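Notes for the one structure printed next.
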Protein chains: 2
Amino acid sequence: MSRPFDLTLYLVTDPRLVQIHGEGLRGLVATVEAAVKGGATIVQLRDPDAHGRALVEQARALKALLAPLAIPLIINDRVDVAVAADADGVHLGQDDMAPADARALLGPERILGLSVGNPAEFASSDIGVVDYLGVGPVKATGTKKDAGAAIGASGVAAVRALTRLPIVGIGGIDGALAAEVIRAGADGVAVVSAICAAPDPEHAARALLSAVTAAR
Amino acid sequence: MSRPFDLTLYLVTDPRLVQIHGEGLRGLVATVEAAVKGGATIVQLRDPDAHGRALVEQARALKALLAPLAIPLIINDRVDVAVAADADGVHLGQDDMAPADARALLGPERILGLSVGNPAEFASSDIGVVDYLGVGPVKATGTKKDAGAAIGASGVAAVRALTRLPIVGIGGIDGALAAEVIRAGADGVAVVSAICAAPDPEHAARALLSAVTAAR
């Protein structure tokens with residue numbers, strides 16, 4: 001049993017998109033702080049361009065911000081960075097370390113998430129060690145170039161039918177699509193650019209949170 | 001105190017250069033097997049293009065080959081991959097996780113190596129938790145584009161003067177330069193393309209080993 005977490009509004013960071021206080025650690029922390037003020041319930045650090053040392057630094061800065069607020073910090077891909085920074089968990093893609101290998105390193109309490117693009121990927125994954133699923137891309141997006149084909153809200157519903165695990169929809173989600181994804185059975189929505197690239201991340205987060213709660 | 005290791009001829013893999021049995025896992029394993037037959041004393045898995053799952057697969061295949069021969073397997077950068085595959089250690093660059101963070105994850109027995117480009121990098125690093133140093137690039141090379149300026153054999157001697165830790169010279173090393181690097185005080189030489197890109201890696205390794213032992 002992992003630590004408690006709430007997928008309602010899941011922020012995935014992208015330092016390349018950050019609009020406030022510029023790029024770098026300061027812009028990243030300011031954006032996450034604003035998003036959390038606006039209602040983000042969980043945060044994933046994702047920075048595919050960063051090396052290990054910068055990732056650990058970013059993770060520690062976000063942990064210092066989020067731990068007092070009881071908002072879990074999830075690290076994309078790098079189990080070693082998550083443990084070094086004492087983050088709350090790891091999110092894995094299908095090309096990342098196998099979930100069972102990551103679970104062995106993380107121990108039983110840390111949160112482990114897995115990206116699933118369709119029912120076939122669900123069927124071929126070590127779901128037994130996973131705490132939640134990221135399902136998508138719901139809509140095609142420029143943020144993640146190696147993502148699979150867009151699956152729409154109906155794709156979320158197809159994975160929902162296979163499991164009682166918490167599910168967060170991801171990929172090109174704005175307010176209107178957030179409502180669709182929730183009605184398709186997702187527990188929350190994950191966004192990157194809708195918050196990171198917004199001139200006012202707090203306002204953007206608040207609007208998305210309203211869309212999710214209204215659709216429930 | 002780490003496990004015993006011998007830096008005499010240190011092979012760093014580059015799957016993009018592998019010439020025998022083609023690219024992929026089969027070519028990688030065949031190249032390492034030939035290099036070890038020719039005298040490589042330690043092997044580092046480095047594949048900057050590979051994701052975590054492929055790295056773990058490569059590491060496990062190399063571990064199965066090397067463990068019975070008592071040749072240590074070192075993983076570049078990824079501490080999580082090293083632990084998941086039960087490799088013998090990790091090699092860190094200056095942009096990778098800080099040595100102290102890696103040591104905390106690896107425990108006291110695994111081998112930890114650090115790249116050092118000059119005396120200033122040596123002075124600013126957590127040397128106290130490191131088992132050996134990779135010093136270079138001795139000569140400019142196309143294999144590693146983010147490497148610093150070439151330091152020559154005199155650069156190896158400059159770091160040698162600062163520490164009794166085992167040192168391996170790296171970067172553009174062939175037989176003639178291997179002898180220079182050893183005479184400058186290195187305990188061994190690390191090569192990438194001199195073995196990986198050779199049509200006969202076993203022969204290439206044997207020639208390098210001769211150059212190192214003759215120069216001692």
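The values are calculated or read from the model by the stated rules, or taken from the named source; none is laboratory data. Nothing here was measured: the structure is a model prediction, and the numbers come from that model. Glycine gets a Cβ as well: all are built from the backbone with ideal geometry, and neighbour counts include every protein chain shown.
Residues considered: B:G185, B:G155, B:G113. Of these, the only one that is of a type in the set (G, A, S), within 24 Å of B:H51 (Cα to Cα) and in contact with a strand residue (DSSP E or B) (Cβ under 8 Å, 6 or more places away or on another chain) is B:G113. Checking the conditions here, which among B:A64, B:A82 is at the interface with chain A (Cβ under 10 Å from one of its Cβ atoms) and within 24 Å of A:D95 (Cα to Cα)? Just one listed residue meets the conditions, B:A82. In this structure, does B:V90 turn out to be more than 23 Å from A:A102 (Cβ to Cβ), of a type in the set (V, I, T) and out of contact with any Phe, Trp or Tyr (no Cβ under 9 Å at 6 or more places or on another chain)? No: the conditions fail for B:V90. The residue that is modelled with the lowest pLDDT, among those in the stretch B:19-57 that are more than 15 Å from B:P201 (Cα to Cα) and among the charged types (D, E, K, R), is B:D49. When B:G52 is tested against (1) small (G, A, S); (2) under 22 Å from B:P199 (Cα atoms); (3) surrounded by 22 or more Cβ atoms within 10 Å (Cβ to Cβ), just one condition goes unmet, and that condition is (2).
The criterion of being at pLDDT below 95 and either surrounded by fewer than 20 Cβ atoms within 10 Å (Cβ to Cβ) or more than 13 Å from chain B (Cβ to nearest Cβ) (or both) holds for A:A149.
Given the criteria at positive phi and out of contact with any Ser or Thr (no Cβ under 8 Å at 6 or more places or on another chain), does A:G22 qualify? Criteria met by A:G22. Residue count for the stretch B:94-123, restricted to those that are crowded, with 21+ Cβ neighbours inside 10 Å and either without any contact (Cβ under 8 Å) to a residue 12 or more places away in the chain or facing chain A (nearest Cβ under 8 Å) (or both): 4.
Of everything listed in (1) under 11 Å from the mean Cα position of the chain (by Cα); (2) more than 16 Å from A:K63 (Cα to Cα), the single unmet condition for A:Y10 is (2). Looking at B:E202, is it in contact with a Lys or Arg (Cβ under 6 Å, 6 or more places away or on another chain) and surrounded by 15 or more Cβ atoms within 10 Å (Cβ to Cβ)? Yes, satisfied.
Residues in the stretch A:1-49 that are of a type in the set (S, T, Y) and surrounded by fewer than 15 Cβ atoms within 10 Å (Cβ to Cβ): none. Pairs are defined by a Cβ separation below 6 Å, a sequence spacing of at least 6 or placement on different chains, a first member in the stretch B:33-57 that is within 10 Å of another protein chain (Cβ to nearest Cβ), and a second member that is buried (at least 22 other Cβ atoms within 10 Å of the Cβ) and β-branched (V, I, T); the pairs so defined are B:L55/B:V81; B:V56/B:V81.
Taken as a whole, the stretch A:64-74 holds no residue that is surrounded by 21 or more Cβ atoms within 10 Å (Cβ to Cβ), in contact with a helix residue (DSSP H, G or I) (Cβ under 6 Å, 6 or more places away or on another chain) and either touching a residue at least 60 places away in the same chain (Cβ under 8 Å) or closer than 22 Å to B:V83 by Cα (or both).
Scanning the stretch B:1-60 for residues that are assigned to a helix (DSSP H, G or I) and hydrophobic (A, V, I, L, M, F, W, C) turns up B:L25, B:L28, B:V29, B:A30, B:V32, B:A34, B:A35, B:V36, B:A54, B:L55, B:V56, B:A59.
In the stretch A:156-167, is there at least one residue being within 23 Å of A:D47 (Cβ to Cβ), buried (at least 20 other Cβ atoms within 10 Å of the Cβ) and within 13 Å of the chain's Cα centre (by Cα)? Checked against the condition, which is being within 23 Å of A:D47 (Cβ to Cβ), buried (at least 20 other Cβ atoms within 10 Å of the Cβ) and within 13 Å of the chain's Cα centre (by Cα), the stretch A:156-167 yields no hits at all.
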